[in-house]
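A.B. asks: Would you mind keeping the following structure in view while I ask a few things?
The values are calculated or read from the model by the stated rules, or taken from the named source; none is laboratory data. Source: prediction; values computed, not measured. Note: ideal-geometry Cβ built from the backbone for every residue, glycine included; neighbour counts use all protein chains shown. Ligands, DNA and RNA are excluded from the accessible area calculation, which covers all protein heavy atoms including side chains. Shrake-Rupley method; radii C 1.70, N 1.55, O 1.52, S 1.80 Å.
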Amino acid sequence: MTDIDLRSLLPDGLPDGREAVEEGKAIGRKLDRAPSMYLEEKGFRSEMQYRLHAREQGIPSTCMNIGLATWAETREAMGLIYEDALRRGVRPPDRFNLLAERRMGLPKELRASAPQETGPALWTEQDWWELTHTVPMQPESADNSIGGPGSLDNVVDALSVGVTYVGTFSQYSWRWPYWDDEVAQTMAFLKAVGVLAGVRSEGVCFDTYLEDGYPGVFRDYANYVGWAMLERFIARDLCGAEFSISWGGLTTDPVTKSALTLALNDVNEGVPNAFVQGDTIGNTSDIEGNFAVMSSDVLFMKLLDRKYRLGGAPIAVPVTETERIPTWQEVSAVQAVSRRLDPYAEMVAPTIDWAHIEALRDTLLAGGRRFFENAKTTLRAAGIGLEDPARVLFVLRRLGAHACEELFGAGDVDPAYPGGRRPVLETDLVRQTMRERTRLLANLSVREEDPRLIGRKVVVSSTDVHEFAEFLLVSTLEAVGADVTDFGINRDPEDIVKVAVETAAEAVVVTTHNGVARSFATKLSDELRKAGMAETKIYMGGVLNEDVDGSEIPIDVRGDLARIGVSTPGGIEQLIGEIGAHERRAAPA
Amino acid sequence: MTAAVLADFGSTFTKITLVELGSGRLISTAQSPTTATSDVMLGFHAALRQATAGLETPVEIGPKRAASSAAGGLRVAAVGLIEDLTAAVARQAALNAGAKVGLVLHGNLTTEDRQALRDYDPEVILFCGGTDGGQEQRVLANATAIADAVDAHVIVACNTRIAEAVAAVLSAAGGHVEVVTNVMPRIGAVDIEPARAAISEAFVRHVIRGKGLTEAPEFFRDVIMPTPEAVLQATRLLAEINGGVAILDIGGATTDVHTVTKNPGSGPGIEGPLVPVLPVLRSVQGDLGLRSNAISVLETDNEWLNERNDPGTLREAAEMRSETPDFTARTPSEWQVDEALATSCAHHALRRHCGTLLVTSSPGRPARISADGPDLRELPLLVGTGGILVRSPQAESVLSEAISRCESRSLVPRRPRIAIDRDYILAAAGLLADIDRDAAARLARHALAGSENTRRPLQT
């Protein structure tokens, strides 16, 4: 196992996270909490307790996501959806995740002065009250709730009005505009978790949504499971809060999804997980066709739930979600479809042979345990320890998703694979990238060959960890006959120039997603000029913005890039066209 | 009994090792001052007489192999394009061939570079630059810049597409030029073996003939490599047996480190250097030696040495050693100084040879973990050699201490078995491998088995 001293990643004077947790517990124990309309109707003190009852009784639960432009619109939509379900003769959704505006992640006193973005924000006690007392559907305070510097404010408000699943652990890795103080964010996060720990005995749960955090970019599903174990360890063992593992939006294969859902259920020792997000990557622009994606996805989750009594709540994804923000009618429609699938699930569940899925579950659990043990071993050996949640959280945040997967990964070390490990079970996102590559190559193969691209010397790299984009660029350019140097990810301008000199590159293609487009391009251009390579053309793609002092939102810098002489084609196919059209030097530099 | 005669023509002593063919059993060793100014074979025969005198069972002299570092060894200048790409690879290829690489040129070569080449007067130039199909114009310009600067054997290992054109430029002024495979055919790929073999061959066929060491044809027939390459061959042998090894050769002027490991990379999550780390590596610390560089060692490791020894006495001892290359320690206090200096040499040489783990972070971006050299933490065996170290009663402790001083970021071997080449035969084993690889392996294994095994974990 790798032995690295990671203490340098910790800031000086990081307070002890255990004290923050204790402060939170004290707040939690004194909190006045009112029951929500839903829980009053059901006659339970917490949503978890209801779920335990419901699964025993074979009563399926459902969930939806909702977050329109404002709270007023969202509230109205909640009512309309509820009524619409009744009109359709189906049970309304049991619960919903409030997709709150990003400002909600900030401390209350800073929200008003931050620029407004799209989404509902809860400003007043009345707003919070309405969250749980408009219709008998149980809310989860999910997006921009716990994770950011406003964590403590949000958890107190949410619990006070009867919310009992509060998220989202995974959003601790997020950044919020107007906030650079990672220490304060960590402490606010831990106090909020402490509050939840303080009311744990009342059935309150701390939720995560794996894909909002690091697993959303993992290559291996076994590492999803391991990461869930790690979050659970922090939330439950270090902080004392009950934990819930929600997940699912980036998986389209129902067999994989079933196995992983079972694995995560095992990880959480049967505590009902708040929700399973529906498939968000299987949809296309064929709206009617997307009903097949949604139905298959939800049906499998219902079959699973029926067989294993998980007490879960699948989310049916509106069929228009890839095209635009769904209307309340579209949300309601798929919720109705979800309910209509219940009798089919009941019919079919007993006939399915689950052995294959169970075997896959076991493989994922074994891999997850390896990841978890690797993480613990590394953190111990790195001088971080496993006692203070602030130290653990901070280092994981600083390492980032890719480093965590590569360092702790469950797969065997194999340099032939991206990240240096052979996945136990490759994620659907990786498979999708490979399919996109196949599509791109197929499109190119029917085009007329462009002789201007043959042998064109191109260096391809990424400024950050986004390897899929870099991989697609390399594959495509190689397919059209360019002489490609794959210089990989996390590259500095100076090193790109060194490679450009040795390879006599005619073009340098850089993909970037980490808010450095302008500064990187400026440095790259300067270094190329200093090295006598001014004629080497730079192409940039990805997210072409820059984090700038004085602006809390990264600014679009495509205009600046054009002024430097950097081309920013809209896509890979456009890039190929531009490279081909660029006049070639008479002789290499 | 037939004996292989394995000779090392060193800068100061000529050493003979007799090994029984087949069994690999060490018969005897002897040494005599190297007679470079008259005829090196005089010293050879003197040593051979000593080695065969007094043997209980007479031996029949069988095949001979020799290494040489007499008259300055092998002087190579490495030329590349980018300092930490083709120039770095060229340098490593030359080091792995057992050369002294006193000059590395890179960039667009200038008249100053040409003068530096003249001043250094290398025996071999390794000329590199450009990936295959890559840079041409600048590489050709570099060839033109140094075309007739010196009369040296030139090995061209550059962009394959222009290698013949480069060779034509470099040979236009006369002199022997040969073309081998590009040392860096593409970014991320390194292939130094053809260049390394060509350098070694050039040494044997041309360089040693130019040193005026002897007229005896048997010398030129039997010398097959520079001395450091013999140690590297022994390193490869031991690595095959043990799964990886580091050999630390602490000499009077320099400390060489030879390592062979299957997986020098650090594994997932850790970025490697720009040029892939090679599984076979030699490094030479030209400022760390127990005699002519004793003062330099003192200055390099001043604090540690002065904490453990009286500074005044130590300084005096170091000055004496630097002026007396053939000084031999006899008293306990003399040994103490040698052992202290050897610990410093070993510590710094290993630290420099192996990589270091660096963790860097900047606000808002994930941390980067990188290693700037080979990751040798799992290497199972560390062997000490060198004329002074092998005679020290505390040699194992010297190496143990050298490792335990390394900080946790250093990628030095953590828990190796430590062995000492007490019979000082590793170079001989490397030569014997050319005759009988199995016998050489047995010789090497046996030689190390006799030394005390010490396993002291790295303190973190």
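A.B. asks: Output the residues belonging to region A:78-97 that are closer than 15 Å to A:Ala316 by Cα and touching a helix residue (DSSP H, G or I) at 6+ places or on another chain (Cβ under 8 Å).
C.D. replies: Result: A:Ile81, A:Ala85, A:Val90, A:Arg91, A:Pro92, A:Pro93, A:Asp94, A:Arg95, A:Phe96.
A.B. asks: Please state which one of B:Ala141, B:Ala87, B:Ala157 is surrounded by fewer than 17 Cβ atoms within 10 Å (Cβ to Cβ) and within 14 Å of another protein chain (Cβ to nearest Cβ). Steps first, answer last, please.
C.D. replies: Details: B:Ala87 fails: surrounded by fewer than 17 Cβ atoms within 10 Å (Cβ to Cβ); B:Ala157 fails: surrounded by fewer than 17 Cβ atoms within 10 Å (Cβ to Cβ).
Residue meeting the stated conditions: B:Ala141.
A.B. asks: Okay, next question. Could you list all residues from region B:112-145 that are part of a helix (DSSP H, G or I), under 19 Å from B:Met184 (Cβ atoms) and touching a residue at least 24 places away in the same chain (Cβ under 8 Å)?
C.D. replies: Narrowing region B:112-145 to residues part of a helix (DSSP H, G or I): B:112-120, B:137-145.
Among the residues that remain, those that are also under 19 Å from B:Met184 (Cβ atoms) are: B:137-143.
B:Arg138, B:Val139, B:Leu140, B:Ala141, B:Asn142, B:Ala143 - these are the residues of region B:112-145 that are part of a helix (DSSP H, G or I), under 19 Å from B:Met184 (Cβ atoms) and touching a residue at least 24 places away in the same chain (Cβ under 8 Å).
A.B. asks: Next question, about the same structure. Could you please let me know if A:Ala34 is part of a loop (DSSP other than H, G, I, E, B), over 29 Å from A:Gly311 (Cα atoms), of a type outside the set (Phe, Trp, Tyr) and away from chain B (no Cβ under 14 Å)? Talk me through it step by step, then tell me what you get.
C.D. replies: Values: part of a loop (DSSP other than H, G, I, E, B): yes; over 29 Å from A:Gly311 (Cα atoms): no; of a type outside the set (Phe, Trp, Tyr): yes; away from chain B (no Cβ under 14 Å): yes.
Criteria not met by A:Ala34.
A.B. asks: Going residue by residue through region A:440-455, is there one that turns out to be within 11 Å of chain B (Cβ to nearest Cβ) and in contact (Cβ under 8 Å) with a residue 60 or more places away in the chain?
C.D. replies: Checking region A:440-455: not a single residue is within 11 Å of chain B (Cβ to nearest Cβ) and in contact (Cβ under 8 Å) with a residue 60 or more places away in the chain.
A.B. asks: Taking region B:182-221 as the search range and keeping residues that are open to solvent by less than 20 Å² (accessible area, probe 1.4 Å) and touching a Ser or Thr at 6+ places or on another chain (Cβ under 8 Å), which one is farthest from B:Gly43 (Cα to Cα)?
C.D. replies: Top of the filtered list is B:Met184.
A.B. asks: B:Val337 is checked against (1) more than 24 Å from B:Ser11 (Cα to Cα); (2) surrounded by fewer than 24 Cβ atoms within 10 Å (Cβ to Cβ) and fails just one. What number does that condition carry?
C.D. replies: Only one criterion in (1) more than 24 Å from B:Ser11 (Cα to Cα); (2) surrounded by fewer than 24 Cβ atoms within 10 Å (Cβ to Cβ) is unmet by B:Val337, namely (1).
A.B. asks: Then there's this: Out of region A:248-271, which residues are open to solvent by 10 Å² or more (accessible area, probe 1.4 Å), in contact (Cβ under 8 Å) with a residue 60 or more places away in the chain and not in a loop (DSSP other than H, G, I, E, B)?
C.D. replies: A:Val255, A:Asp266, A:Val267
A.B. asks: For residues that are surrounded by fewer than 24 Cβ atoms within 10 Å (Cβ to Cβ) and touching a residue at least 40 places away in the same chain (Cβ under 8 Å), scanning just region A:311-333, find the one that is farthest from A:Glu346 (Cα to Cα).
C.D. replies: Restricting to residues being surrounded by fewer than 24 Cβ atoms within 10 Å (Cβ to Cβ) and touching a residue at least 40 places away in the same chain (Cβ under 8 Å), the top hit is A:Ile325.
A.B. asks: Do we have A:Leu341 as crowded, with 19+ Cβ neighbours inside 10 Å, at pLDDT 95 or above and away from every other protein chain (no Cβ under 13 Å) here? First the steps, then the outcome.
C.D. replies: On the way: crowded, with 19+ Cβ neighbours inside 10 Å: yes; at pLDDT 95 or above: yes; away from every other protein chain (no Cβ under 13 Å): yes.
So A:Leu341 passes the test.
For every residue, the table says whether it meets (1) more than 20 Å from the chain's Cα centre (by Cα); (2) open to solvent by 20 Å² or more (accessible area, probe 1.4 Å); (3) over 24 Å from B:Ala3 (Cα atoms); (4) within 14 Å of chain A (Cβ to nearest Cβ).
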{"position": "B:Leu382", "(1), (2), (3), (4)": "no, no, yes, no"}
{"position": "B:Thr385", "(1), (2), (3), (4)": "no, no, no, no"}
{"position": "B:Ala402", "(1), (2), (3), (4)": "no, no, yes, no"}
{"position": "B:Glu407", "(1), (2), (3), (4)": "yes, yes, yes, yes"}
{"position": "B:Leu411", "(1), (2), (3), (4)": "no, no, yes, yes"}
{"position": "B:Ala419", "(1), (2), (3), (4)": "no, no, yes, no"}
{"position": "B:Arg445", "(1), (2), (3), (4)": "yes, yes, no, no"}
{"position": "B:Ala449", "(1), (2), (3), (4)": "yes, yes, no, no"}
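A.B. asks: Against the condition within 13 Å of chain A (Cβ to nearest Cβ), open to solvent by 10 Å² or more (accessible area, probe 1.4 Å) and of a type in the set (Lys, Arg), how does B:Arg368 come out, does it pass? Outline the logic, then answer.
C.D. replies: Working: within 13 Å of chain A (Cβ to nearest Cβ): yes; open to solvent by 10 Å² or more (accessible area, probe 1.4 Å): yes; of a type in the set (Lys, Arg): yes.
For B:Arg368, the condition - within 13 Å of chain A (Cβ to nearest Cβ), open to solvent by 10 Å² or more (accessible area, probe 1.4 Å) and of a type in the set (Lys, Arg) - is met.
A.B. asks: Looking at (1) touching a helix residue (DSSP H, G or I) at 6+ places or on another chain (Cβ under 7 Å); (2) within 15 Å of A:Val459 (Cβ to Cβ); (3) polar (S, T, N, Q), which is the one condition that is false for A:Thr503?
C.D. replies: Exception for A:Thr503: condition (1).
A.B. asks: Now for a different question. Taking the stated definitions as given, is B:Leu55 in contact (Cβ under 8 Å) with a residue 12 or more places away in the chain, more than 14 Å from every other protein chain (Cβ to nearest Cβ) and open to solvent by less than 30 Å² (accessible area, probe 1.4 Å)? Give the steps one after another, and end with the answer.
C.D. replies: Values: in contact (Cβ under 8 Å) with a residue 12 or more places away in the chain: yes; more than 14 Å from every other protein chain (Cβ to nearest Cβ): yes; open to solvent by less than 30 Å² (accessible area, probe 1.4 Å): no.
The answer is no for B:Leu55.
A.B. asks: Of everything in region B:297-325, what is hydroxyl-bearing (Ser, Thr, Tyr) and either under 14 Å from B:Ala340 (Cβ atoms) or open to solvent by less than 30 Å² (accessible area, probe 1.4 Å) (or both)? Give them in sequence order.
C.D. replies: Correct list: B:Thr300, B:Thr313.
A.B. asks: Continuing with this model, one more query. Scanning region B:58-84 for residues that are under 26 Å from B:Leu18 (Cβ atoms) and among the small types (Gly, Ala, Ser), which turns out surrounded by the fewest Cβ atoms within 10 Å (Cβ to Cβ)?
C.D. replies: Among those residues, the one meeting the criterion is B:Gly62.
A.B. asks: Please tell me if B:Leu290 is open to solvent by less than 50 Å² (accessible area, probe 1.4 Å), under 20 Å from the mean Cα position of the chain (by Cα) and either modelled with pLDDT under 95 or in the same structural domain as B:Leu341 (by TED's automatic domain parsing) (or both). It would help to see each step written out before you state the result.
C.D. replies: Values: open to solvent by less than 50 Å² (accessible area, probe 1.4 Å): yes; under 20 Å from the mean Cα position of the chain (by Cα): yes; either modelled with pLDDT under 95 or in the same structural domain as B:Leu341 (by TED's automatic domain parsing) (or both): yes.
Taking the combined requirement at face value, the residue satisfies it.
A.B. asks: Quick test for you: out of B:Thr12, B:Thr35, pick the one residue that is under 22 Å from the mean Cα position of the chain (by Cα) and on the phi < 0 side of the Ramachandran plot. Show your work before the answer.
C.D. replies: Details: B:Thr35 fails: under 22 Å from the mean Cα position of the chain (by Cα).
Unique residue meeting the criteria: B:Thr12.
A.B. asks: Would you point out which residue out of A:Thr522, A:Thr511 is touching a strand residue (DSSP E or B) at 6+ places or on another chain (Cβ under 9 Å), away from every other protein chain (no Cβ under 12 Å) and among the hydroxyl-bearing types (Ser, Thr, Tyr)? Give the steps one after another, and end with the answer.
C.D. replies: On the way: A:Thr522 fails: touching a strand residue (DSSP E or B) at 6+ places or on another chain (Cβ under 9 Å).
Going through A:Thr522, A:Thr511 in turn, just one is touching a strand residue (DSSP E or B) at 6+ places or on another chain (Cβ under 9 Å), away from every other protein chain (no Cβ under 12 Å) and among the hydroxyl-bearing types (Ser, Thr, Tyr): A:Thr511.
A.B. asks: Taking only region A:43-90 into account, find how many residues are open to solvent by 10 Å² or more (accessible area, probe 1.4 Å), part of a loop (DSSP other than H, G, I, E, B), more than 17 Å from A:Ser141 (Cβ to Cβ) and of a type outside the set (Val, Ile, Thr).
C.D. replies: Count: 7.
A.B. asks: Follow-up. Go through (1) farther than 22 Å from B:Thr261 by Cα; (2) away from every other protein chain (no Cβ under 12 Å); (3) not aromatic (Phe, Trp, Tyr) one by one and return the number of the condition B:His348 breaks.
C.D. replies: With (1) farther than 22 Å from B:Thr261 by Cα; (2) away from every other protein chain (no Cβ under 12 Å); (3) not aromatic (Phe, Trp, Tyr) applied to B:His348, the lone miss is (1).
A.B. asks: Counting only residues that are at pLDDT below 90, give me the helices (runs of 4 or more DSSP H) lying completely in region B:353-460 with at least 1 of them.
C.D. replies: Counting at least 1 such residues, we get B:437-449.
A.B. asks: Taking A:Ile281 as meeting all but one of (1) surrounded by fewer than 21 Cβ atoms within 10 Å (Cβ to Cβ); (2) farther than 21 Å from A:Ile357 by Cα; (3) touching a Lys or Arg at 6+ places or on another chain (Cβ under 9 Å), write down the number of the exception.
C.D. replies: The failed condition is (3).
A.B. asks: Hey, can you tell me all the residues within region A:389-427 that are outside any strand (DSSP E or B), charged (D, E, K, R) and within 19 Å of the chain's Cα centre (by Cα)? Quick ask: steps written out before the conclusion?
C.D. replies: Step one: filter region A:389-427 for residues outside any strand (DSSP E or B), giving A:389-411, A:414-420, A:423-425, A:427.
Then keep just the ones that are charged (D, E, K, R); that gives A:391, A:397-398, A:405-406, A:414.
Answer for region A:389-427, where residues must be outside any strand (DSSP E or B), charged (D, E, K, R) and within 19 Å of the chain's Cα centre (by Cα): A:Arg397, A:Arg398, A:Glu405, A:Glu406.
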